[in-house]
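J.: I have a structure here, written as structure tokens, and I will follow up with some questions on it.
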Amino acid sequence: MKKLINALAVALAFTGTAGAFHAVHAADYKPRIIRFGYGLAEDSNQGRAVKHFADDLSKRTGGKLKARGFASASLGSDTQMQNALIGGAQEMTVVSTATLVGIVKDFGVYDLPFLFANEKEADAVLDGPFGQKLAAKLQDKGLVGLVYWENGFRNLTNTKRPVAKLEDLQGIKLRVMQNPVYIDMFNSFGANAVPLPFSELFTALETKTVDGQENPVNTIQSSKFYEVQKYLSLTKHVYSPWIVLASKKWWDGLSADEKKAIQEAAVSSRDFERKDSREAAVKAVDFLKEKGMQVTVVSDAELARMREKAKPAFDKFAADGGAEVIKDLQAAIAVVRK
Ligand code: TF8
């Protein structure tokens, strides 16, 4: 008996108390409600992924961490929610990276047209060192960038005429995101770019305040733009990422276990969202045709002309302090293409 006690004492001394009890120590989760606001409808790729995140997080934490989704910009537009996160009035959101340029200018780099050739390149660059480094720049500004989701390749819609070439865009009042790269790009294409928050877009289209807009086909479907837009041009001019954000103020008060669970649920939601969005996008064009939209496939030659026309937007972004981030992004894409 004495021998056994001695052996136990030795074992404990070696592992240390913390180590010995680690295996049975319950994870440190406090009951928390996480307000997760987003701009699209509940029945959208964005809404489905928020739900996936909430379910996954709840499962991981035995129901302690509860994310509650707030759809359709009910907590505010993308930029309003970013500010609510910075101030600590809201815990989480998912926004277009394009709407972050007022906080970290370098995020405009993703909006330069025709950068990514396909989703595979985008995934590798966003999840790799380039995307992580850019996301880390948000920390000083009060935001934690968790993962990138896919918004998708953007396409044009309008009520005026089918757009098959640059000239067709002449004079079209086109809503763009509140981001200088988009404004410069579409003005250089001959359109009249009107920056507006997404939350005001449907009404602006309905009342003809603007003639058109540009978004991925999934969003054109889930936001019912087919009800107020006739022509769809498949241009895929920009690959648009979404980024899932947490309030840094709130994040800093979480336990290590809570942070880990949220991070893991975020990664799971990312994988779910990309798969779901890609499957939905394949069906969306047919759906939009059935709803009466007239679809124009823009030729590669025309897309090359657009790319040429967009050069001034590239140059301006570079001259405005973006030269290095463009160089880094192009290098990251080159690595993936090899
Ligand atoms: C846009 C974006 C939006 C998203 C969404 C509100 O056009 O593509 O669809 O940011 O989160 O504003």
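J.: Quick check on packing: order 269-275, 316-322 by the mean number of other C-beta atoms within 10 Å, highest mean leading.
T.: On the way: 269-275: 19.9, 316-322: 15.3.
So the peptides 269-275, 316-322, ranked by packing, come out 269-275, 316-322.
J.: In a shell of Cβ-Cβ distance under 12 Å around D271, excluding D271 itself, what net charge do Lys and Arg (+1) and Asp and Glu (-1) give?
T.: On the way: positive: R270, R274, K275, R278; negative: D56, D123, D127, E150, E264, E273, D276.
Around D271, the surrounding residues sum to -3.
J.: For E290, what accessible surface area do you get with a 1.4 Å probe? Give it in Å², rounded to 10.
T.: My reading of the accessible area for E290 is about 150 Å².
J.: Would you work out which of A26, G63, G142 lies farthest towards the positive end of the dipole of the chain? Charges go on Cβ: Lys and Arg +1, Asp and Glu -1.
T.: Most positive-ward Cα: A26.
J.: With an 8 Å cut-off on Cα pairs and a minimum separation of 6 or more residues, tell me the relative contact order of the chain in percent. If you can, show how the numbers build up before the last one.
T.: Working: 597 pairs, mean separation 82.3, N = 338.
Relative contact order comes out at 24 percent.
J.: Let me ask something else. Which listed residue (V295, A323, V267) has the Cα farthest towards the positive end of the charge dipole for segment 252-338, taking +1 on Lys and Arg C-beta and -1 on Asp and Glu C-beta about the Cα centre?
T.: V295
J.: I would also like to ask the following. At 222 nm, what helix-only mean residue ellipticity would the chain give, in deg cm²/dmol to the nearest 500, using -39500 (n - 2.57) for each DSSP H run of four or more?
T.: Values: 13 runs with 156 residues, N = 338.
When only DSSP H runs of four or more count, the value is -14500 deg cm²/dmol.
J.: Rolling a 1.4 Å sphere over the protein heavy atoms, what is the accessible area per residue of the chain, to the nearest Å²? Display every interim value, and only then the final one.
T.: On the way: 15640 Å² over 338 residues.
Accessible area per residue, the chain: 46 Å².
J.: Sticking with this one: Largest first and to the nearest Å, give the Cα extent of segment 223-297 along each principal axis.
T.: 52, 22, 22
J.: State the percentage of accessible surface on the chain attributable to carbon and sulfur atoms; use a 1.4 Å probe and exclude ligands, DNA and RNA.
T.: Values: 8630 of 15640 Å².
Within the chain, the accessible surface is 55 percent carbon and sulfur.
J.: For F198, what is the net charge nearby, where nearby means another residue's Cβ is under 12 Å from its Cβ and Lys, Arg count +1, Asp, Glu -1?
T.: On the way: positive: R175; negative: D78, E200, E214.
Local net charge: -2.
J.: Roughly what would the spin-label model give for E324 and E42, points 7 Å off Cα along C-beta, in nm?
T.: For E324 paired with E42, the spin-label model returns 4.6 nm.
J.: OK, next. Could you order F36, F114 so the one with the most accessible surface comes first? Probe is 1.4 Å. Show your work: numbers first, answer last.
T.: Numbers: F36 0, F114 35 Å².
Largest to smallest exposure gives the sequence F114, F36.
J.: Could you give the dipole magnitude of the chain about its Cα centre, charging the beta-carbon of Lys and Arg +1 and that of Asp and Glu -1, in debye to the nearest 20? Don't skip to the end; give the middle numbers.
T.: On the way: 46 positive and 40 negative charges, 137 e Å.
Computed charge dipole of the chain: roughly 660 debye.
J.: Apply the a/c threshold of 1.5 to the C-alpha gyration tensor of the chain and tell me whether it is rounded, prolate or oblate. Write down the numbers at each step before the final one.
T.: On the way: a/c = 2.44, a/b = 2.01, b/c = 1.21.
Prolate shape, in that a/c is at least 1.5 and a/b is the bigger ratio.
J.: Of K64/K248; K51/K275; K64/K133; K173/K230, which ones are farther than 24 Å apart at the Cα?
T.: K64/K133
J.: Rolling a 1.4 angstrom probe over the protein chains, ignoring ligands and nucleic acids, what is the accessible area of R307 in square angstrom, nearest 10?
T.: Answer for R307: close to 130 Å² accessible.
J.: Looking at segment 262-302 from every direction and averaging, what is the projected area of its Cα convex hull in nm²?
T.: For segment 262-302, averaging the hull's shadow over all directions gives 4.6 nm².
J.: Treating only the Cβ atoms of Lys and Arg (+1) and Asp and Glu (-1) as charged, compute the dipole magnitude of segment 218-338 about its Cα centre; round to the nearest 20 debye.
T.: On the way: 22 positive and 18 negative charges, 62 e Å.
About 300 debye.
J.: Using only the alpha carbons of segment 292-338, determine the length spanned along each of the three principal axes and report them from longest to shortest in whole angstroms.
T.: If we take the Cα atoms of segment 292-338, the spans are 43, 28, 22 Å.
The values are calculated or read from the model by the stated rules, or taken from the named source; none is laboratory data. The structure displayed is predicted, hence computed values, not measured ones. All Cβ positions, even for glycine, are placed from backbone atoms using ideal geometry, and neighbour counts span all protein chains on display. Please note that ligands, DNA and RNA were not included when accessible areas were found on the heavy atoms of the full protein model with its side chains. Shrake-Rupley method; radii C 1.70, N 1.55, O 1.52, S 1.80 Å.
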